[in-house]
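Visitor: Pasting a structure here, questions to come.
The values are calculated or read from the model by the stated rules, or taken from the named source; none is laboratory data. Being a predicted model, the structure only gives us computed values, none of them experimental. For accessibility, only protein heavy atoms count, side chains too; no ligands or nucleic acids. Shrake-Rupley method; radii C 1.70, N 1.55, O 1.52, S 1.80 Å.
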Amino acid sequence: MPAPSQAFVARYDENNQEFSLAGTVRPEADGEVADGIAVFNRALGHVRGTLYVNVKRLARLNNTGFRILARAMVEACRARPELKIVVVTSSVVGWATAKFGRLRLIEPRISVYEYDGQFYPGQSFLEDGGFIPILRNQTRMTWRHERAILPRHGLTPGLAMADICCGIGDFAVLAQREFAPSRLVALDHSKSSLAYARAVAAEFGIQGIEYTYGDAAEMLLDADQFDFVTCRHSLQIFNRPDLILRELFRICKPGGRIYITNEKNSHCLGEPRAQSIQWTYTEVAKLFEHFEMDVELGPKSRRYLVDAGFHDIRVESFMVTNLDGDPQDFADMIAAWEAVYAGDMAVKRGDPPEFIERFRQGFRDHIHAALHPKGYAGWPIWVASGQKPI
Ligand SMILES: C[S@@+](CC[C@H](N)C(=O)[O-])C[C@H]1O[C@@H](n2cnc3c(N)ncnc32)[C@H](O)[C@@H]1O
């Protein structure tokens, strides 16, 4: 067992030839990390070709610890001319990439790979700030429904809560006002969205929300901490939603609940001009699929929660419509979708102008339906929650 100041876990995964070191490594002397180095040396005994050294969750490492680990890696390369070492870092642990990157100067066969630089196909659309107007409108539209739905899924005042993939943090603000959680962590991997969230919080004097930069698939948050963990409209944008669910499960307290929302875009609807609208949203689903995102995930939520080990699963759906409030809000949301889906994503996929024009027309028809005095326009959402077994 490491000493308390060395709260680290060292493991070797033979399948992936991956030695991982997670937690805090702050030794005063070499002997204090002997267990970790022993795991590393055992790994060397098995590995052929490339050894991956995963430090994605190595939150703290002092200079002594770095020197010990670096020496072990350099000596391994010098003893084995065929060996390569790839250190896998994450931008969430900000110092790691530069620090381990310097090792290349000492030993060229040690390289660094920052895994979340380009780690899911839709990342550039979601993290570059273009999504901010979309998220703002969406949350305004869904909150009218969700504030009544959330208590049915277990949210009551005073709970420790986390909103994972919080986007621009507006849901966290609304949840804090309505449900006064005892603690509220809001985590996202978009620096621009978090900067926006922090600026809004500062402007409106909102306190107590812990906005955190992080990777939902590899969170630095401790296990079993939160009574209620939300993850809204986000499982559908990952190519591996099961990895996120595993993390949501981990940080949730036994007996606590997680709450997810997702869409089924091809079921967006409107009257008049129903056919054009339906065509466009069926194409939206295909467009996201091209970038390995599943915006049809909503009705699959139950299966995902069962497979992730949750109990007492509750599922319901609701429809955001033009009649919920000001129809112009609905129209603005569709205009923001059109700008990103037709203006950015379809262009990036390489769609021809005729396709893009027809694609845009469906959004315009949806706006027409929303603003028409006898029209109806809808956007369906699936809500699901499950309890972590006690
Ligand atoms: C569709 S948005 C939803 C945001 C927010 N939950 C909402 O409903 O407005 C998806 C969010 O997931 C974030 N995200 C994507 N990958 C992530 C990751 N690996 N870790 C944390 N956040 C991530 C994106 O930056 C984006 O803010």
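Visitor: Over the range 245-386, what is the mean sequence separation of C-alpha contacts under 8 Å (at least six apart), divided by residue count, expressed as relative contact order in percent?
Guide: 43
Visitor: For every helix of n ≥ 4 consecutive DSSP H residues, a contribution of -39,500 (n - 2.57) applies; sum these over the chain, divide by its total residues, and give [θ] at 222 nm rounded to the nearest 500 deg cm²/dmol. Please list the in-between numbers first.
Guide: On the way: 14 runs with 158 residues, N = 390.
Calculated from helices alone, the mean residue ellipticity at 222 nm is -12500 deg cm²/dmol.
Visitor: Next up: How would Tyr341, Tyr304 rank on accessible area, largest to smallest, probe 1.4 Å?
Guide: Tyr304, Tyr341
Visitor: Restricted to Cα positions, what overall size does the range 156-274 have along the principal axes? Three whole-Å values, descending.
Guide: Projected onto its principal axes, the Cα set of the range 156-274 covers 47, 35, 29 Å.
Visitor: Where does each of Glu32, Glu14, Glu146 land when they are ordered by accessible area, with a 1.4 Å probe and the largest first? Please report the intermediate quantities before stating the final value.
Guide: On the way: Glu32 65, Glu14 115, Glu146 0 Å².
Ranked list, largest accessible area first: Glu14, Glu32, Glu146.
Visitor: Further, regarding this structure: Under 10 Å, Cα contacts only: if you run a Gaussian network model on the chain, which one of Gly45, Gly65, Gly298 comes out with the highest mean-square fluctuation?
Guide: Evaluated over the chain, the most mobile residue of the options is Gly45.
Visitor: Using only the Cα atoms of the range 174-214, build the gyration tensor, take square roots of its eigenvalues as a ≥ b ≥ c, and label the shape rounded, prolate or oblate: rounded if a/c is under 1.5, else prolate if a/b is larger than b/c, else oblate.
Guide: Values: a/c = 2.44, a/b = 1.37, b/c = 1.78.
In terms of gyration-tensor shape, oblate.
Visitor: Between the range 350-372 and the range 321-348, how far is it from one alpha carbon centroid to the other, in angstrom?
Guide: What the calculation gives is 10 Å, centre to centre.
Visitor: Continuing with this model, one more query. Using θ = phi - 60° and the Karplus relation 6.51 cos²θ - 1.76 cosθ + 1.60, list the HN-Hα couplings for the range 180-186 in order, rounded to whole Hz, with x at every Gly or Pro.
Guide: Here the 3J(HN,Hα) series is 5, x, 6, 8, 9, 9, 10 Hz.
Visitor: Something else: Stokes-Einstein diffusion coefficient for the range 282-390 at 37 °C in a medium of 0.692 mPa s, Rh from the Kirkwood formula over Cα pairs: what value in µm²/s? Could you put the intermediate results ahead of the total?
Guide: Values: Rh = 15.9 Å.
Using the Kirkwood radius from Cα pairs, D works out to 206 µm²/s.
Visitor: Over the alpha-carbon set of the chain, work out the extent along each principal axis and list the three values in angstrom, largest first.
Guide: 77, 51, 41
Visitor: A further question follows. To the nearest 10 square angstrom, how much accessible area does Ser20 have with a 1.4 angstrom probe?
Guide: For Ser20, solvent-accessible area is about 30 Å².
Visitor: Hey, another quick one. How much accessible area does Asp324 have with a 1.4 Å probe, in Å² rounded to the nearest 10?
Guide: 50
Visitor: Taking Cα pairs under 8 Å and at least six residues apart, what relative contact order does the chain come out at, in percent?
Guide: Numbers: 751 pairs, mean separation 50.6, N = 390.
About 13 percent, as a whole number.
Visitor: Accessible area per residue of the chain at 1.4 Å probe, in Å²?
Guide: On the way: 17030 Å² over 390 residues.
Accessible surface, normalised per residue, equals 44 Å².
Visitor: Got a number for carbon plus sulfur as a percent of the chain's accessible area, 1.4 Å probe? Display every interim value, and only then the final one.
Guide: Values: 8890 of 17030 Å².
Carbon and sulfur atoms account for 52 percent of the accessible area of the chain.
Visitor: Could you put Val295, Val86, Val112 in order of accessible surface area, largest first, with the 1.4 Å probe and the full protein assembly present?
Guide: On the way: Val295 5, Val86 25, Val112 50 Å².
I get Val112, Val86, Val295, largest accessible area first.
Visitor: To the nearest 10 square angstrom, what accessible area does Phe363 show with a 1.4 Å probe?
Guide: Looks like 0 Å² after rounding.
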